[in-house]
1. Could you please let me know if Leu93 is of a type in the set (A, V, I, L, M), over 22 Å from the mean Cα position of the chain (by Cα) and farther than 19 Å from Leu230 by Cβ?
2. Return the residues of the range 100-138 that are under 19 Å from the mean Cα position of the chain (by Cα) and surrounded by fewer than 17 Cβ atoms within 10 Å (Cβ to Cβ); say none if nothing qualifies.
3. Based on this model, can you work out whether Asn149 counts as farther than 23 Å from Ser71 by Cβ and in contact with a Gly (Cβ under 9 Å, 6 or more places away or on another chain)?
4. Could you check Arg354 against (1) without any contact (Cβ under 8 Å) to a residue 60 or more places away in the chain; (2) of a type outside the set (A, V, I, L, M, F, W, C); (3) assigned by TED's automatic domain parsing to the domain that holds Val125 and say which number it fails?
5. How many residues are among the polar types (S, T, N, Q) and in contact with a helix residue (DSSP H, G or I) (Cβ under 8 Å, 6 or more places away or on another chain) if we restrict to the range 321-330?
6. As an exercise: evaluate Ile208 against (1) under 19 Å from Leu55 (Cα atoms); (2) more than 12 Å from the chain's Cα centre (by Cα); (3) part of a helix (DSSP H, G or I) and give the number of the one condition it does not meet.
7. Please go through the range 185-226 and pick out each residue that is over 24 Å from Asp90 (Cα atoms) and in contact with a Lys or Arg (Cβ under 7 Å, 6 or more places away or on another chain).
8. Taking the options Ile51, Ile33, Ile16, name whichever one is modelled with pLDDT under 95, of a type outside the set (Lys, Arg) and assigned by TED's automatic domain parsing to the domain that holds Phe117.
Amino acid sequence: MQVLLVFLTSLSFVVIALPQIIAIAVKKKLFDIPLESRRVHKQLVPQFGGIALFLAFLFTYTLFIPAATLSQANIIIAASLIVFLTGLKDDILAIAPLAKFIPQVFSALLLILAGGFRIDNLHGVLGIYELPAIAGLLLTLVFVVGIVNAFNLIDGIDGLAGTIGSICMFMFALLFHQAEAPMWSLMALSLAAALLGFLYYNITPAKIFMGDCGSLFLGLMAAVFSIQYLNIGAAGPLAAGAAEPLASGAANGGWRIAMVAAVLMVPVFDTLRVFALRLRKGSSPFTADDNHLHHRLLAMGLNHIRATSILSGCTILFITLSWSMRAMNVNLVLLTLVLTALIGNEILAFIALRSRRINAHDAHEAASSSGACEDPEVHSSPQFLQNASEI
């Protein structure tokens, strides 16, 4: 009954709140204005869906989850409030990347130092087990800030961040339930339900976007749930809300790392891939461009729904692979996930390159039939093919 009440309350809050937010944004002319050429949306759409997500999460948590059962609850709320307000300011005023980065670091440090959230054991990944205190702090800081930005970066087309986010949150709810941490499971479920309500208004044609206030908050909560799940059963404050003994499989620290990697694989892989492309070109990794996986899928002629379905399906595939390999060595599981991502990326690159060649050939044929003068070498030049293959 409590699970059902949490789910329905969070879902209903978002479904009721979003029309009001949309109406206010339209009345006050608060839109996401697509001034940049890389934007895939050309119409005016409000981008404050994250307000409903954040408030639904707070409302449901306050109503159904006793604060005494989660000792870090106030710290989580304080940290999430920082990134939420940072994102909200960016949605309204479009602040510089550094102005967004500093609050993210502060929020991560708040979680680490005040909340006790820390990755201090890699459970055999690359042969590494317990980490020195400073190494654990730095790794956790990079992890939290990285995941926050990864979810922010995949929020580029209708339904993508919401769908992948809901899959992640439902999976965390299941994993916490398996690990006998009911309050954490309810917290993840409340955010999953809120995302489902948001998707009703965000699926093409989108009536509202999540905005940075929503994607930054979603990324922070994904990082919090990941660290908490990695530390379930450990001694200390992070054991709060979890009963002993853990369910079979959940006590395997290496497998928990593999499951977290699977849940977060799509946003993390896309972020690392884009950063690598930008650095290879000599530009800042924080420079916005249209090299994300969802941009490439759109360039292949897919619509928002199909592109979102493919990337969401990849997330389910990674989770299924990790789940089916839970009895194997963590390094083998992680290697399988990475190789699968790389192979999928190469297949996508091949299809994209072939698609661009066909489009270039059709454009040349059309130009030739109309008598227009066009150099056929332009579309078959090595530079063009290199650009087309950058995926």
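The values are calculated or read from the model by the stated rules, or taken from the named source; none is laboratory data. If you're wondering where the values come from, they're calculated on a predicted model, not measured in any experiment. No Cβ is skipped: glycine too gets one built from the backbone with ideal geometry, and neighbour counts run over all protein chains shown.
1. yes
2. Residues satisfying the conditions are Phe101, Val105.
3. Details: farther than 23 Å from Ser71 by Cβ: yes; in contact with a Gly (Cβ under 9 Å, 6 or more places away or on another chain): yes.
Criteria met by Asn149.
4. Of everything listed in (1) without any contact (Cβ under 8 Å) to a residue 60 or more places away in the chain; (2) of a type outside the set (A, V, I, L, M, F, W, C); (3) assigned by TED's automatic domain parsing to the domain that holds Val125, Arg354 misses just condition (3).
5. Total satisfying the criteria: 2.
6. Failing condition for Ile208: (3).
7. Of everything in the range 185-226, nothing turns out to be over 24 Å from Asp90 (Cα atoms) and in contact with a Lys or Arg (Cβ under 7 Å, 6 or more places away or on another chain).
8. Ile33
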